1. Just to be sure before I move on: is GLY127 small (Gly, Ala, Ser), over 20 Å from ASP169 (Cα atoms), surrounded by 12 or more Cβ atoms within 10 Å (Cβ to Cβ) and in the same structural domain as GLU166 (by TED's automatic domain parsing) in the structure I sent?
2. Out of the range 96-124, which residues are over 18 Å from LEU161 (Cα atoms) and crowded, with 16+ Cβ neighbours inside 10 Å?
3. Considering every residue within the range 131-140, establish whether at least one is over 20 Å from ALA114 (Cα atoms) and either outside the structural domain of GLU113 (by TED's automatic domain parsing) or charged (D, E, K, R) (or both).
4. Please enumerate the residues belonging to the range 130-161 that are surrounded by 11 or more Cβ atoms within 10 Å (Cβ to Cβ) and part of a helix (DSSP H, G or I).
5. Could you please give the count of residues in the range 102-120 that are free of Cβ contacts under 8 Å to residues at least 12 places away in the same chain and in a helix (DSSP H, G or I)?
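The values are calculated or read from the model by the stated rules, or taken from the named source; none is laboratory data. The structure presented is a predicted model; accordingly, all values stated were derived computationally and were not measured. Here Cβ is always computed from backbone atoms with ideal geometry, including for glycine, and neighbour counts include all displayed protein chains.
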Amino acid sequence: MAPVVKAHRCSPGRISLAWRLAKPVVTSVVIGAKRLDQLQDNLAAIELTLTQDELMPLDDVSALPQSALYLRPAKPVGVLQRADLRRAAGRVRRRVHRAHARNNLRRIEATPEAEEAWRDHVAELVGATLFPRAQSWYMGANIPGKKREMLVYPGGLPLYLQKCKESADAGYAGFVLS
């Protein structure tokens, strides 16, 4: 991404948003600005057009399983400081990337059985808390018609990372690599 950022003299966030907006199936993106300057920078992505030569390496990077284990339902985001999550996610992401690079792989997808097992694991953990009784976004209560289930991982970062490591050590058990 660095060469594209340098060529356009803008933030990585703006490049990321412009890349997402260049996808034909994307109709909108979610921005996460906290300050006015960030909001303005994010909105400027609307007017940024990336060339095919710029889009291809970004597509290649995005094809890596960088988000496979940490940006999914029931992730440990809601209760962590960003710096802690970034460091932990970076370790998981690098490990997955190295495994994929060694084997010339480009995708990682959870099997339906693994998804169900993860959902059951999260439900078991959350069942020991008061979250199921709360009218909270943690349980999806803010989305009319949504099934009530925990949206973040209630087991904490150490257990989450342990689960990631167990899967990786078992050859990414529960995932289809291609």
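1. The answer is no for GLY127.
2. Residues satisfying the conditions are HIS100, LEU105.
3. The answer is yes, given that some residue of the range 131-140 is over 20 Å from ALA114 (Cα atoms) and either outside the structural domain of GLU113 (by TED's automatic domain parsing) or charged (D, E, K, R) (or both).
4. Initial filter on the range 130-161 (surrounded by 11 or more Cβ atoms within 10 Å (Cβ to Cβ)): 131-132, 134, 136-143, 146, 148-157, 159-161.
Listed by number, the residues that qualify are PHE131, PRO132, TRP137, TYR138, MET139, GLY156, LEU157, LEU159, TYR160, LEU161.
5. Adding up the residues that qualify gives 5.
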